[in-house]
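Just so it is clear, none of the values below were taken in a lab; they were calculated from the coordinates. Please read all numbers here as calculations on a predicted model, not as lab measurements. Using ideal geometry, Cβ is built from the backbone for each residue, glycine included, and neighbour counts are taken over all protein chains shown.
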Amino acid sequence: MLQSILNEVSGRSDLKPGSEERKVSNFYAACMDEATINKNGSRPLRPFLDRIGKTKTKDEFLGLMREFAAEAAGGLLFGITPRADSENPRMTVAGIGPVPLGLPDREYYSQQDGRSAETRKQYLKLLTTLFTLAEMPDPAARAQTVLALETKLAEPRMSRVELRNPLATNNRMSWAEAQKLAPAFDLQKQKEALGIGSYDGIVIVSQPKFQQALERLWTETPLADWKLLAEAAWLRQSAPALSKPFADASYEFYGAWLQGRKEQDPRWKQCADATDAGLADPLGKLYVAKMFPPAAKAKMQEMVGNLRLALQENIRGLEWMTEATKARAQAKLATFDPMLGYPDNWRDYSSVVISRDTHFANIRAAAKFRVREGYERVGKPVDRTRWGMTVPTSNAYYSPPQNQIVFPAGILRSPMFDLKADDAVNYGAIGVVIGHEISHGFDDSGSRYDELGRLKNWWTDEDRKAFETRATCVVDQFYSYEIEPGVKHNGRLVLGESIGDLGGVSIAYAAFLKSMEGKPRPKDIDGFTPEQRFFVSYAQSRGDSTRIEAQRLMVKTDPHPVARWRVLGPLSNFEPFYKAFGCKDGDKMVRPPAIRCKIW
């Protein structure tokens, strides 16, 4: 559908200059103009690379990096970003944390198994190719230097499992205290470059040990190496938007090698994704007008209401939780804020200049707007109508500080949601997603936040211990699941998502049963009872086919289990599933009672 929307708007000649539709048209058309992109080669990137090359001192280099960060080029070593205050989530404060490196996770730099070693070789190949295409001397030596420095930058970072603990990353301090962690990096100058120089509120440093290690590395590493790191970052991040040789090199590593993909997305899909990322709200408006009728929002509101009622009943019936903690859990559930389909307030893109001439310039303009618009919020109340996903995105999320569950219009389509389908199908698909996102408010991470979104304990010690015992059951279950011989899930990494899946199935099923109360029992369809259709729908909506390369990547970097275990894992704990299909003790889909997991 995005393709038809974009083809239609880009083919119109009556669009008013400067209008949002004209911007969408120009962005998509410029991206589709492969001839011009290929003709330009690396020229769009050359001014940035030249400026890096001309820096003579570390102070000059840091000044340039601050300027790049303000121009939405991202931080080279660490970034300052807007975020909700952990103690007062209605206010926006500043956060400091490391920026991503070229490899997906720190483990890729250090693990010595054959696959990891080969991945580093393939990454060196990518860097060498990019330096070669940019006509830089000694490309292989440059690539080796970059990998060596990235390896040093990877080592002091927290692991993915450690980062899942919000208490570990909630290091509130003054700017003076943050400055002491890495004195070489002038935070006041960086704030001024970002337009928040007058902000003197608290700053939350996610990884203080990384900041301290960065100070040491900065002192002992020559400027020439840092310049190579900056050049590599620009090349790596820009490659998909440059000429075909750059884009192909990026795809060969990030798409083919890491994910096992057999071919690149067609050009229209690449450009649709780029337009969605660059002009989220203007494109989102066009998408909603075509794809999201009022009846869909009304049905979703009904389903969310039923799932909340189901969880209320589940909480009341919990044998392991005391009444004091149940009351706080009910208070949190009562303040859940569901956001369905599209935001109530759209952002104003009137200041963004988009032309049909240069795709790269359009990407830079859109990114610059997005970043600057974010920094303008620092020190101000949080805009609770602002979304963290674009409207056409087929996904959903839960925000602990805002206690919001968000369902973009893009996920409210088959196989997740169908207005024409019966309740069994919709509750088994989007209903489980709703329950999954609600359950995130009560998983190992989200449960640390109270009903106001504050990072504050609302549990009794006894209840927290009981919760941790039940969570350990889920951890152990997923540690037992193999992706391939010798490669298993990290139960700690996928704990939150697995609690979400387990809770989502339980809550959605209870809501589905509630939806049938007082009505004639639905007929069987194609030989399946309503209960069976619920579970079949869940399996169809979650049962993606994933290449083994992508599964290997997920095991190391993704908090979600692979599709197979997202379906089989929770259902093998769920007694209503056994009953629906006549499963018996000893069957593969029936976990023994002693190790059967149940939380919410």
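Tabulated results
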quantity: Virtual spin-label span in nm between residue 319 and residue 188, 7 Å along Cα→Cβ; calculated: 6.3
quantity: The range 258-342 - Rg over Rh from alpha carbon coordinates, Kirkwood radius; calculated: 1.21
quantity: Extreme residue, positive dipole direction of the chain, given options 327, 296, 72 (C-beta unit charges); calculated: 72
quantity: The range 47-168 - charge dipole about Cα centre, Lys and Arg +1 at Cβ, Asp and Glu -1, debye rounded to 20; calculated: 100
quantity: The chain: antiparallel DSSP beta bridges as a percent of all, rounded to 5; calculated: 70
quantity: Span per principal axis, largest first, for the Cα atoms of the range 390-458 (Å); calculated: 43, 26, 16
quantity: Electrostatic dipole magnitude of the chain [Cβ: Lys, Arg +1; Asp, Glu -1; Cα centre; debye, to 20]; calculated: 340
quantity: Mean Cα-pair separation over length for the range 284-595, i.e. relative contact order, pairs under 8 Å, 6 or more apart, %; calculated: 19
quantity: Potential extension, residue 484-residue 583 segment - 0.36 nm per residue separation minus Cα distance; calculated: 33.0 nm
quantity: Read-out P(r) over Cα pairs in 10 Å bins from 0, in percent, derived from the coordinates shown; its label in [x] 3, 12, 13, 10, 9, 11, 11, 8, 5, 6, 6, 4, 2, 1, 0, 0; [y] 3, 15, 24, 28, 20, 8, 2, 0; [z] 3, 14, 20, 19, 13, 11, 9, 7, 3, 1, 0, 0; calculated: [y]
quantity: Ranked packing of 299-307, 126-134, most packed first, by mean Cβ within 10 Å; calculated: 126-134, 299-307
quantity: Residue-span extension gain [residue 135 to residue 461] - 0.36 nm each, minus C-alpha spacing; calculated: 111.2 nm
quantity: Cβ crowding within 10 Å averaged over residues, with 551-560, 78-87, 320-329 ranked highest first; calculated: 78-87, 551-560, 320-329
quantity: Estimated 222 nm signal from helices in the chain, with DSSP H stretches of n ≥ 4 weighted -39500 (n - 2.57), rounded to 500; calculated: -16000 deg cm²/dmol
quantity: Nitroxide proxy distance, nm - points 7 Å out along Cα→Cβ at residue 528 and residue 348; calculated: 4.9
quantity: Distance from the range 115-178 to the range 277-340 (C-alpha centre basis), Å; calculated: 38
quantity: Sites residue 268 and residue 60 - FRET efficiency at Förster radius 35 Å, r taken between beta-carbons, to 0.05; calculated: 0.25
quantity: Neighbourhood charge, 13 Å Cβ-Cβ cut-off, centred on residue 146 and excluding it, Lys, Arg +1 and Asp, Glu -1; calculated: +2
quantity: Relative packing of peptides 190-203, 108-121 - highest average C-beta neighbours within 10 Å first; calculated: 190-203, 108-121
quantity: The range 478-600 - Rg and Dmax from Cα coordinates, angstrom; calculated: 15.7, 51
quantity: Those Cys residues of the chain for which no other cysteine Cβ falls under 4.7 Å; calculated: 583
quantity: Residue 111/residue 14 FRET efficiency (R0 60 Å; Cβ-Cβ; nearest 0.05); calculated: 0.60
quantity: Modelled FRET efficiency - R0 30 Å, residue 295 with residue 385, Cβ distances, 0.05 increments; calculated: 0.85
quantity: Relative counts (whole %) of C-alpha pair distances in the range 45-243, using bins that are 10 Å wide; calculated: 8, 33, 36, 19, 4, 0
quantity: Mean separation of Cα contacts under 8 Å, 6 or more apart, over the residue count of the range 45-243: relative contact order %; calculated: 28
quantity: Reach of residue 297 by Cα under 19 Å, taken over lysines that are not fewer than 8 positions away in the same chain; calculated: 285, 420
quantity: Extension gain from residue 277 to residue 548, taking 0.36 nm per residue of separation minus the Cα-Cα distance; calculated: 94.8 nm
quantity: The range 284-595: translational diffusion in µm²/s, Stokes-Einstein, Kirkwood Rh over Cα pairs, 25 °C, 0.890 mPa s; calculated: 116
quantity: Considering only the range 45-243, percent of DSSP beta bridges that pair antiparallel, nearest 5; calculated: 75
quantity: Rg/Rg_globular for the range 451-503, with Rg_globular taken as 2.2 N^0.38 Å and Rg from C-alpha atoms; calculated: 1.40
quantity: 11 Å beta-carbon shell around residue 487, net charge (K/R +1, D/E -1); calculated: +1
quantity: Positive minus negative residues near residue 230 (Lys, Arg vs Asp, Glu; Cβ under 13 Å); calculated: +1
quantity: Under the span-like rule (Cα at least 30 Å along the axis, Kyte-Doolittle mean at least -0.5), DSSP H helices of the chain; calculated: 294-316, 495-516
quantity: The range 164-231: mean projected area of Cα convex hull, nm²; calculated: 5.7
quantity: Taking the chain and dividing mean pair separation by its residue count, relative contact order in percent (alpha carbons under 8 Å, at least six apart); calculated: 17
quantity: Cross-link pairs 332/488; 209/556; 227/269 - those with Cα-Cα distance over 24 Å; calculated: 332/488; 227/269
